[in-house]
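Q: Handing you a structure now.
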């Protein structure tokens, strides 16, 4: 079987197909479309310090190069993983000399800029402020979390989005047809089903799509007619598995757990299960997921179904006791139980009201009849006098004041009419009909 062997010096397909102009660029219309900020900068030949924020394979490096080329600026690249303070100083000095002696500006593209520590980020500031450097940073993490506020205040933050399936489809077809930079000279045909799997499984990442395409094409032997017919199996082998966009310390972490919690709160068991599996498959710490479910069971189910908290706590224990991957089952059980449980945030609202009173009012003394009377001499002080022991009365209840004088009659907990809280509501209203009106539903 004769396979195409690229020259050792050949760059990956994604690098060879990198656009050099906005006319070639695909995606990010909100930034490069007519009248949008990056198109205006390119068309005017102007430069501005930017941080391009978004998932991998969405065009951050490409846009930085196009901007530098349009302004005829020198383009310098630093990778925050491998570069340090000495590299920043060197680049800044060279940029100052270039500007002074040749009148040429310097664009410094810092890949994974969130990896720079605080001191390294601060080292960039004076050179950005005085115009020695035009900084274009690239990051997959939210700059407002990952970067110093002083640096964020001196750049424009532009968010890039994953490419749509149609945009990936355009790039793949372009690469298949291009005989110079692409795969056009190999006579490859990508089956429709294989194309759809590629554009779906790449997760909006053009780099993954193109480099996987190259592997699939170059490892598919030509048929008798010289055509390489690339099927689903070859694409699956090249991709290995769908790409999960997830970073346990970044936006995807917070956005995905937010979607999970909102699906639980919204009583959608299918969505809750999907987000749970997506987190676990991406490597999220199952203990974190379990802790969030324990909180949610108390916060959004509450006394409408107190068993939800027990189920969530049991799942959290199972994570520690059983471990993964088996603990996925009790985690899924807890997620489904919570999603399907009646919902009430009455506990949270009651807690908030009580906290507001505690924080906003001067602390009042404990009423004498509620004070500790278990020690000798307490009665001399009047402690416990007048206290009515509920078990001495029918149904184990007697009405008396339990709040400080200034808060008498205050209502914090207002049970809903959902789930077990409906019974709790009837019980509380029967006991305290003098101070409670109809509870909120």
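Q: Could you look through segment 112-126, keep only residues that are in contact (Cβ under 8 Å) with a residue 12 or more places away in the chain and outside any helix (DSSP H, G or I), and pick out the one that is farthest from residue 54 (Cα to Cα)? Even if it seems obvious, please write down each step before you answer.
A: Narrowing segment 112-126 to residues in contact (Cβ under 8 Å) with a residue 12 or more places away in the chain: 112-116, 118-125.
After this cut, where a residue has to be outside any helix (DSSP H, G or I) as well, the list is 112, 116.
Values: 112: 11, 116: 17 Å.
Top of the filtered list is 116.
Q: Identify the single condition in (1) crowded, with 19+ Cβ neighbours inside 10 Å; (2) more than 30 Å from residue 209 (Cα to Cα) that residue 149 does not satisfy, given that it satisfies every other one.
A: With respect to (1) crowded, with 19+ Cβ neighbours inside 10 Å; (2) more than 30 Å from residue 209 (Cα to Cα), residue 149 is out only on (1).
Q: Okay, next question. Any idea which residue in segment 347-364 is surrounded by the fewest Cβ atoms within 10 Å (Cβ to Cβ), counting only those that are assigned to a helix (DSSP H, G or I) and in contact with a helix residue (DSSP H, G or I) (Cβ under 6 Å, 6 or more places away or on another chain)?
A: Here the residue is 348.
Q: Counting residues that are touching a helix residue (DSSP H, G or I) at 6+ places or on another chain (Cβ under 9 Å) and surrounded by fewer than 15 Cβ atoms within 10 Å (Cβ to Cβ), which helices (runs of 4 or more DSSP H) fully inside segment 153-249 reach at least 2?
A: Values: elements: 165-177, 192-201, 206-218, 232-239.
It comes to 165-177, 192-201, 232-239.
Q: Pairs under 6 Å by beta carbon, first residue farther than 15 Å from residue 303 by Cβ in segment 333-357, partner not in a helix (DSSP H, G or I), six or more apart or different chains?
A: Close Cβ pairs (under 6 Å, with a partner that is not in a helix (DSSP H, G or I)) amount to 339/267; 353/412; 354/412.
No value in this document is a laboratory result; all are computed from the given coordinates. The shown structure was predicted, so the numbers you read here are calculated from the model rather than taken from an experiment. Note: ideal-geometry Cβ built from the backbone for every residue, glycine included; neighbour counts use all protein chains shown.
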